[in-house]
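S.K.: Below you'll find the structure I mean.
The values are calculated or read from the model by the stated rules, or taken from the named source; none is laboratory data. This structure is a prediction, so every number in the text was calculated from the model and none was measured. So basically every Cβ, Gly included, is an ideal-geometry build from the backbone, and we count neighbours across all protein chains shown. SASA here: full protein model, heavy atoms, side chains in, ligands and nucleic acids out. Shrake-Rupley method; radii C 1.70, N 1.55, O 1.52, S 1.80 Å.
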Amino acid sequence: ARKGAEEARRASEQRLQVALEAGRMGAWEWDVASGKVTWSSSLEEIHGLKPGTFGGTFEDFKREIHPEDVASVLAQVQRALETRRDHHVVYRMIRPDGAVGWLEAFGRFVPGADGQPQKLAGICMDITERKQAEAALRESEQRLREAQRKLLLHAADLETTVQQRTAKLEETVSELQQL
């Protein structure tokens with residue numbers, strides 16, 4: 001029975017790992033008391049690290065965050081610890097090769113026997129492609145608005161020119177009629 005349970009656990013872990021990798025996700029866990037942070041190999045890969053090379057501390061995690069996003073990420077983590085509610089944050093990371101990527105993290109507070117924060121555990125999704133697509137869409141919309149603005153200006157200029165020419169033509173016709 002024990003052997004069967006162990007095989008079922010391993011199979012379940014394999015399915016979970018396949019699902020995480022397919023969804024471009026990785027799992028993480030932070031032991032608040034010890035400061036130890038554990039990342040799945042898929043999360044290390046998302047961060048551009050080789051499996052087993054993540055340092056395993058909260059400070060190591062903070063170094064991965066884009067400098068402009070550190071304060072907001074830490075505020076979200078602190079809020080999760082204080083409120084003991086689910087954690088959700090979107091932020092940028094910097095990979096070892098200097099590339100900037102986007103992550104969306106979801107976490108759940110796990111209390112200890114005394115009700116105090118023991119762990120925060122969850123998943124991270126690589127949303128870099130989504131953020132790039134959103135940026136491209138915003139840029140495309142901006143170009144469209146600019147083209148519309150230019151078209152409206154051109155139409156207004158054209159209308160003014162037509163009105164001026166019509167007035168000049170009417171003046172000429174009037175002069176001819178007088179002649």
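S.K.: Could you tally the net charge around residue 112, taking each other residue with its Cβ under 11 Å from the Cβ of residue 112, Lys/Arg +1 and Asp/Glu -1?
M.R.: Neighbourhood net charge equals -1.
S.K.: Using unit Cβ charges (K, R positive; D, E negative) and no other charged atoms, how large, in debye to the nearest 20, is the dipole of the chain about its Cα centre?
M.R.: 660 debye
S.K.: In addition: Tell me the angle of helix 70-83 to the major Cα principal axis of the chain, expressed in degrees between 0 and 90 and rounded to the nearest ten.
M.R.: Between the helix axis and the principal axis of the chain, the angle is about 60 degrees.
S.K.: Continuing with the same structure: Ignoring ligands, DNA and RNA, please state the percent of accessible area on the chain from carbon and sulfur, probe 1.4 Å.
M.R.: Accessible surface attributable to carbon and sulfur in the chain totals 55 percent.
S.K.: Based on alpha-carbon centroids, what's the gap between region 38-57 and region 91-153 in Å, whole number please?
M.R.: Result: 19 Å between the Cα centres.
S.K.: Roughly what angle does helix 128-178 make with the longest principal axis of the chain, taking Cα atoms, 0 to 90 degrees, to the nearest 10?
M.R.: 10 degrees
S.K.: Remind me, relative contact order of region 90-179 in percent, using alpha carbon pairs under 8 angstrom and six or more residues apart?
M.R.: Result for region 90-179 is 16 percent.
S.K.: Can you pull out the GluC sites (Glu not before Pro) in region 1-97 that DSSP calls coil and that have at most 16 other Cβ atoms within 10 Å?
M.R.: 68
S.K.: Next up: How would you classify region 7-52 from its alpha-carbon gyration tensor, with a ≥ b ≥ c the square roots of the eigenvalues: rounded for a/c under 1.5, else prolate if a/b is greater than b/c, otherwise oblate?
M.R.: Cα axes put region 7-52 in the oblate bin.
S.K.: Let me ask another. When only C-alpha pairs under 8 Å and at least 6 residues apart count, what is the relative contact order of the chain, in percent?
M.R.: 17 percent.
S.K.: Taking only Cα atoms, what is the 0 to 90° angle, nearest 10, from helix 2-22's long axis to the longest principal axis of the chain?
M.R.: 20 degrees
S.K.: Between (1) 1.08; (2) 1.89; (3) 0.98, which matches Cα Rg over 2.2 N^0.38 Å calculated for the structure shown?
M.R.: (2)
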